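In what follows, a single structure is set out as structure tokens and then discussed.
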């Protein structure tokens, strides 16, 4: 049977068909849907872990018992999980272990751009890269087999384009016989004290040599010989662009792209006149080809920033043709197609907090606080944009707390506020909070508790009371973690109450003692979130002061009456009835005609 699946769905399907027993991860675009889809299969234990480090450690522990396991994350999550990754390369595994990471070239939904292929070389583990959604399932089987044959974790790398595009995938039954988990005690292999680790280090190096020999024979590392005037080495989604644009060139496609298949690369380079490497982000393959003593052309034509696309690859082809390296259709300079630019008069559409978002009043208040405000990763990152404009820096998950602590300890004579979401608090904020309690920090931490992992699409976390499979479980308490960390001053408030929000936040910042404030209200997009009758604007009372616009609610618009004159207007279908706009309006121009819920 065939079906049309996204790359993430295909990876999940491959994990199911090829015997994954335990899978853990932390949601992060573009990887989130892998675990969400895998959780639908009863044969597989799946969980949202508090962070990627924990997820990989869960997968490693299960792999020690001989069952097949997987950890999923986005590229920045692999940084979090780097510690167990490095050591698991030494210990090896019993059952197959895949570390599935989805990169985000172009930073569509990320705070940085990162090429996770470098981690394979860093950790000395194999790297597999499918080239599209249709191909994403089958290499999962190969990666598991390599993992078990060579006693090693394997990095399985996707990216935004592969994860979210779709292709036709052949579906089969789960054909892997589930193993009975058995733990075989072997301290010399798994107990990584220095005396044992030194011996395992030698095994890692020997393993790389054996993997390199395997990569040279691996069937999905394949050559396509056509016109030999130009040869292209490529991998991942870049292969699809190359196949589409370079219809005459010879191609070496790498699916197992680390360890590098040196014999294959050398053989290919000898059979083509000119050689170029077309890859996304870092010169991962290019630099190794150079180390082999192979000359390449057009290195400067391939950008190392952002996503590749057919337009960019077309430009590479045209430039190579003009320089005489390509035997395709000759193109003169004047015939090079120009990339179509967007019309200049299109209005900008910056991202904003949703109508009724409970985070809004916190940022509206902080804008007046005259404090240094350290933000974090989540929907609330948008609080740093105008008109709320109330966040000074964002580093990484959990740093909203710990970086704020660092600033407060610098001796600066200004109040410091750290902001973190509920899911991010459980991910990596607890240790930062403990640091404040233990090292006597004097700052205010605000936890924006909207009862879900909202930014990535409403995944559960330890504070929601539900597991990934929807089962009831414990509901971790932010307040109790704060008390355990030595923070005694804890206040919980309703962010829809504007005056109470102002009073609590500004008082705590002024008092300059360690405190944790919890803004608690469900995400406005959750079904249990309170939605009330919409509000309206009385145009006769509206003075066009613009104060209601400063809360940055998408439901509030300007409606022009004549010329440059305008009054505020509320788009009723968008309004959730949260009442924040009515509370900030100083002229009572915003009212509600019906008090009933929507």
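General remarks:
- Any hit, region 114-131, residues being surrounded by fewer than 24 Cβ atoms within 10 Å (Cβ to Cβ), within 21 Å of the chain's Cα centre (by Cα) and either part of a strand (DSSP E or B) or without any contact (Cβ under 8 Å) to a residue 24 or more places away in the chain (or both): no
- The single residue among 145, 138, 173 that is touching a strand residue (DSSP E or B) at 6+ places or on another chain (Cβ under 9 Å) and closer than 30 Å to residue 30 by Cβ turns out to be 138.
- Candidates 429, 457, filtered to the one that is part of a loop (DSSP other than H, G, I, E, B), outside the structural domain of residue 38 (by TED's automatic domain parsing) and closer than 19 Å to residue 51 by Cα: 457
- Exactly one residue out of 281, 266, 252 is in contact (Cβ under 8 Å) with a residue 24 or more places away in the chain and part of a loop (DSSP other than H, G, I, E, B): that is 281.
- From the options 253, 295, residue that is in contact with a helix residue (DSSP H, G or I) (Cβ under 6 Å, 6 or more places away or on another chain), at pLDDT 95 or above and not assigned by TED's automatic domain parsing to the domain that holds residue 210: 253
- With respect to the stated conditions, residue 444 fails to be in contact with a helix residue (DSSP H, G or I) (Cβ under 9 Å, 6 or more places away or on another chain), surrounded by 16 or more Cβ atoms within 10 Å (Cβ to Cβ) and without any contact (Cβ under 8 Å) to a residue 24 or more places away in the chain.
- Here residue 402 fulfils each of the conditions (1) modelled with pLDDT of 90 or more; (2) in a loop (DSSP other than H, G, I, E, B) apart from (2).
- Scan of region 542-598 for residues that are in a helix (DSSP H, G or I), touching a residue at least 60 places away in the same chain (Cβ under 8 Å) and surrounded by fewer than 20 Cβ atoms within 10 Å (Cβ to Cβ), ordered by number: 549, 550, 583, 584
- Any hit, region 461-479, residues being under 20 Å from residue 381 (Cα atoms), under 30 Å from the mean Cα position of the chain (by Cα) and in contact (Cβ under 8 Å) with a residue 40 or more places away in the chain: yes
- Residues within region 486-517 that are surrounded by 20 or more Cβ atoms within 10 Å (Cβ to Cβ) and under 26 Å from residue 49 (Cα atoms), tallied: 3
- Exactly one residue out of 411, 383 is free of Cβ contacts under 8 Å to residues at least 60 places away in the same chain and outside any loop (DSSP other than H, G, I, E, B), and it is 383.
- Complete set of residues in region 289-316 that are in contact with a strand residue (DSSP E or B) (Cβ under 9 Å, 6 or more places away or on another chain) and part of a helix (DSSP H, G or I): 289, 299, 301, 313, 316
- Matching residues, region 489-541, being in a helix (DSSP H, G or I) and touching a strand residue (DSSP E or B) at 6+ places or on another chain (Cβ under 7 Å): 500, 501, 504, 505, 508, 509
The values are calculated or read from the model by the stated rules, or taken from the named source; none is laboratory data. Bear in mind that the values here come from a model prediction, so they are computed numbers and not experimental data. Every residue, glycine as well, gets a Cβ built from its backbone with ideal geometry; the counts of neighbours run over all protein chains shown.
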